[in-house]
1. Compute and list, largest first, the equivalent-ellipsoid semi-axes of the stretch 4-44 from the alpha carbon gyration tensor, each √(5λ) rounded to a whole angstrom.
2. With Cβ to Cβ distances under 14 Å as the rule, what net charge do the other residues near ALA141 carry (K, R +1; D, E -1)?
3. When Lys and Arg each count +1 and Asp and Glu each count -1, what net charge do the other residues less than 12 Å away from ARG112, Cβ to Cβ, add up to?
4. Could you tell me what fraction of 2.2 N^0.38 Å the Cα radius of gyration of the stretch 57-138 comes to, as a two-decimal ratio?
5. Determine, for LYS74, LYS144, the number of other Cβ atoms within 10 Å of each Cβ, and report the residues in order from fewest to most.
6. What number results when the radius of gyration of the chain, computed over Cα atoms, is divided by 2.2 N^0.38 Å?
7. Helix 4-15 against the longest principal axis of the chain: what's the angle in degrees, Cα atoms only, rounded to the nearest 10?
8. So for ARG145, ARG112, fewest C-beta neighbours within 10 Å to most, what's the order?
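What follows is calculated from the coordinates using simple rules that are stated; it is not laboratory data. Every value quoted in this text rests on a predicted model; they were computed, and no experiment measured them. As a convention, Cβ positions derive from the backbone with ideal geometry for all residues, glycine included, and neighbour counts pool all protein chains shown.
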Amino acid sequence: MLDDVDRRILRLMQSDPSLTVPELAESCGLTANRATRRIEKMREAGILIGQEAVIDWKALGFDVAVSLRITLDKAAPRAFDDFLDAARLVPEVIEIQTFLGRVDVRLHILARDLAHWQAIYRDQVLNLPHIAEIEALMTVASVKREDVLPL
């Protein structure tokens with residue numbers, strides 16, 4: 001599906017997302033129009049799904065990161081749907097993942113400090129429906145965070 005030029009475009013975009021289309025085109029030996037067409041084709045194929053800003057949450061005052069591993073009461077009808085619908089409404093939840101196995105859902109939550117975390121946990125998390133078990137893991141250090149894969 002992808003040729004060497006497409007892979008080169010993706011590698012360049014991963015290594016420096018700020019590159020403009022003309023810069024990408026020049027690095028790949030293409031015109032800007034041809035590079036644009038290739039990028040649009042990859043978007044249409046679902047290979048490129050968007051661009052995003054990487055925010056340093058600590059710089060904005062969010063010093064506490066907690067990962068919650070949650071097991072749901074699967075005997076309840078619509079347990080997953082009800083839980084996910086409610087969890088999406090918690091503003092401090094920045095990521096929701098679902099799993100197969102003992103743990104059903106992982107929520108990644110950011111808070112300004114421990115008092116803020118306690119308020120989120122007490123007032124919002126504990127009110128989410130169909131929770132059977134919760135395990136909280138507080139982030140001490142982020143050792144590696146990278147979405148770049150070799151192409």
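1. Details: eigenvalues 33, 28, 18 Å².
Over the Cα atoms of the stretch 4-44, the ellipsoid semi-axes are 13, 12, 9 Å.
2. Details: positive: LYS58, LYS144, ARG145; negative: ASP63.
Once all neighbours under 14 Å are counted, the net charge is +2.
3. Numbers: positive: LYS58; negative: ASP63, GLU92, ASP113.
Within the 12 Å Cβ shell, the charges total -2.
4. Values: Rg = 12.6 Å, N = 82, 2.2 N^0.38 = 11.7 Å.
After normalising by residue count via 2.2 N^0.38 Å, the value is 1.07.
5. Working: LYS74 11, LYS144 4.
Lowest to highest Cβ neighbour count: LYS144, LYS74.
6. On the way: Rg = 20.5 Å, N = 151, 2.2 N^0.38 = 14.8 Å.
For the chain, the normalised Cα radius of gyration comes out at 1.38.
7. Roughly 50 degrees between the two axes.
8. On the way: ARG145 6, ARG112 16.
Ranked by crowding around the Cβ, least crowded first: ARG145, ARG112.
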